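One structure is given below, encoded as structure tokens.
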Amino acid sequence: MLQIYNSLTRQLEEFQPLYKDYVTFYNCGPTVYDFFHIGNARNFITFDNIRRYLIYRGYKVKFIQNITDIEDKIIRKAREEKVPVENITEKYTRYFFDYRNKLGILPADYHPRATEMIPFMIEMIKGLIEKGFAYEKGGDVLFSVAAFKDYGKLSGKKIEDLREGDRKKVKKEKEAAQDFVLWKSYKPGEPYWESPWGKGRPGWHLECSAMSMKYLGETIDIHGGGTDLQFPHHENEIAQSEAYTGKPFVKYWLHNGFLIIDGEKMSKSLGNFFMIKDVLDNYSPQTIRFFMCMSHYRKPLEYRKGILTNAQKGFNHIKDCYQFLKEHFSQTESPPFILCDELLHYQYLLPSELENFFKQLFAYKDEYESAMDEDFNFPQAVGALFNITKFLNTHLREDNVSHLPQKAAYGYALLDKLAGILGLGDPDYEKGTSKDDKTMDDIMEILLSTRQQLRKNKEFALADSIRDRLEKSGITIKDFPDKTTWSR
């Protein structure tokens, strides 16, 4: 039975999705104004692990992760660099996708951008005004926290405390200090969209509500994010979403803990961060992901000198076992990557020596699942992986081991499957895709080069035809001033 800690109820709960075997899952994505650091990566890796485990457990998971491409930090960055906002957002969105892939994080089913959703956000704001939850002042539209009686149910904060705690003078456009903005009026030099309240842009909190609701529905199963987003961001998401629909917004709220350094949260504002691109210059993606599993996802994780070296040693135990097993199943006709559920089904049809081997191997599999079923306990799950490697290394190194190639193949299959859920799959073995990927890269390079020449020759119809046919095949083409990119 899978149990998860729900930040909303502050307790472990049996996981029961809204629809049997189908999970709707939203995770707050990056604000694309800068490179992301290893502290940001903890969020992305944590919810990738959780998503992978839900898939392993048989759920069909629809996973949405937004791209915040309009926000105060982005506008400030564009001003500093004296470039259009779009230059900033495209640059750092490409960076995010690139390093997400390098970390082995699965792409979301969709990465909506906030700027794509503004018409829907305007409709939401209209609805909130009509229902008495929002008001307009001077071109701004604000959410009235006092009008939503359940405000504070996620964070535990009370409206009275928020009022008392704010000693500053209430801004003239607000009726109360705790009210938050849904629509910001236009200021010279800022991007803007037309609205019933004049030119402006959406508030940050509204963006996530709109993107979640549009792609996953009015009520979803899981919403993930960092602990720092619990208040006010997620609290405000709940207020505006539930006020708009009259329905519960999220069934299970999950929050990962901070990455800390010298006792403080790692963050750009404190200047105590390490960019993921720099960390990857010295350590493998699996090493970084192993490090992220060294503490329960809800607890703080300390980043200190030598910690990644220790993580590298830890992952090397698993990596060395992969290598040992591959050396011994290379001559067998048994499929090395047989699905574990098939293995479970057929194990009792095998010779008794193999049957006993599988019983012990799958006892460790059960240990792994028990750890993950208890609110995704990554450290205990890694402990189960170590038990598997220790068992395989000990048992298969004995003299005259019967059925050694088969045992090595099946042991490898199970280890790689379970470790792969945490992004710790075998980094060295080419599972039949590397050659295909290289061929695909070569083909796409030829196609994009041809298309670029057609565009230079102003043969736009033919260039667009290539783009459209590729999109029908599941390949997206994006043109930028300096390059053209493609993605599956």
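The values are calculated or read from the model by the stated rules, or taken from the named source; none is laboratory data. These numbers were taken from a predicted model, which means no experiment stands behind them. Here the Cβ is made from the backbone with ideal geometry for all residues, glycine too, and neighbour counts use every protein chain on show. Just the protein is used for accessible areas: all its heavy atoms, side chains included, with ligands, DNA and RNA removed. Shrake-Rupley method; radii C 1.70, N 1.55, O 1.52, S 1.80 Å.
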Treating only the Cβ of Lys, Arg, Asp and Glu as charged (+1, +1, -1, -1), what charge dipole size does the chain show about its Cα centre? Round to the nearest 20 debye. 1360
Virtual spin-label span in nm between Ser370 and Lys214, 7 Å along Cα→Cβ: 4.6
For segment 135-250, what does the alpha-carbon gyration tensor say about shape, rounded, prolate or oblate, given a ≥ b ≥ c as the root eigenvalues, a/c under 1.5 as rounded, and a/b over b/c as prolate? oblate
Crossing angle, helix 307-329 versus the chain [Cα axis fit, 0-90 degrees, rounded to tens]: 40
Regarding segment 16-282, what are the three Cα extents along the principal axes, ordered largest first, in Å? 52, 50, 38
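Once you have the Cα-Cα distance between Asn101 and Lys313, take 0.36 nm times their residue separation minus that, and quote the gain in nm to one decimal. Each step should come with its number before you reach the end.
Details: separation 212, 0.36 × 212 = 76.32 nm, distance 2.31 nm.
Extra length available between Asn101 and Lys313 comes to 74.0 nm.
Output the peptides 318-327, 38-47 sorted from most to least packed, where packing is the average of other Cβ atoms within 10 Å over each peptide's residues. If you can, show how the numbers build up before the last one.
Working: 318-327: 18.1, 38-47: 24.6.
Per-residue Cβ counts within 10 Å, averaged per peptide and sorted highest first, yield 38-47, 318-327.
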Taking placed amide H atoms and a strict 5 Å upper bound, the residues 5 or more places from Val250 or on another chain that come that close are Ile220
Over segment 3-45, what lengths in whole Å, largest first, do the semi-axes of the equivalent ellipsoid take, defined as the square roots of 5 times the eigenvalues of the alpha-carbon gyration tensor? 28, 14, 9
Simple spin-label estimate for Lys478 and Arg76 in nanometres, 7 Å along Cα-Cβ: 2.5
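Please find the FRET efficiency linking Arg57 to Ala363, where r is the Cβ-Cβ separation and R0 is fixed at 22 Å, and quote it to the nearest 0.05. Numbers along the way, then the final one.
Details: r = 19 Å, r/R0 = 0.85.
Plugging the Cβ-Cβ distance into 1/(1 + (r/R0)^6) gives 0.70.
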Solvent exposure ordering (accessible area, 1.4 Å, most first) of Arg397, Arg52: Arg397, Arg52
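Longer than 22 Å from Cα to Cα, which of Lys305/Lys390; Lys91/Lys214; Lys126/Lys174 are they? Say none if no pair is. Walk me through the numbers before you get to the answer.
Details: Lys305/Lys390 28 Å; Lys91/Lys214 26 Å; Lys126/Lys174 18 Å.
Listed pairs above 22 Å: Lys305/Lys390; Lys91/Lys214.
Once R0 is set to 56 Å, what does the formula 1/(1 + (r/R0)^6) return for the Cβ-Cβ distance between Gln380 and Ile446, expressed as a FRET efficiency to the nearest 0.05? Kindly include the intermediate steps, with their values, before the conclusion.
Details: r = 49 Å, r/R0 = 0.87.
E(calc), rounded to 0.05, equals 0.70.
Determine the gain in length on full extension of the stretch Ser465-Trp193; use 0.36 nm per residue of separation and subtract their C-alpha separation, reporting nm with one decimal.
On the way: separation 272, 0.36 × 272 = 97.92 nm, distance 3.14 nm.
Going from the current span to full extension adds 94.8 nm.
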Measuring from the longest principal axis of the C-alpha atoms of the chain, the long axis of helix 352-373 (C-alpha) lies at a number of degrees, nearest 10, equal to 20
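Determine by what factor the alpha-carbon radius of gyration of the chain differs from 2.2 N^0.38 Å, reporting the quotient.
Details: Rg = 25.4 Å, N = 488, 2.2 N^0.38 = 23.1 Å.
Compared with the compact-globule rule of thumb, the chain sits at 1.10.
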Burial order of peptide ranges 184-195, 117-128, 82-93 (average beta-carbon count within 10 Å, highest first): 117-128, 82-93, 184-195
State, to one decimal in nm, how far the label point of Phe231 lies from the label point of Glu398, with both points 7 Å from Cα in the Cβ direction. 5.8
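In deg cm²/dmol and to the nearest 500, what is the mean residue ellipticity at 222 nm of the chain if only DSSP H runs of at least 4 residues count, each as -39500 (n - 2.57), divided by the residue total?
-15000 deg cm²/dmol
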Which angle from 0 to 90°, rounded to the nearest 10, does the C-alpha axis of helix 85-102 make with the longest principal axis of the chain? 20
Could you compute the FRET efficiency for Lys20 and Asn457, with r as their C-beta to C-beta distance and R0 at 60 Å, rounded to 0.05? 0.65
Computed on alpha carbon atoms, what radius of gyration and Dmax characterise segment 165-319, expressed in Å? 20.5, 62
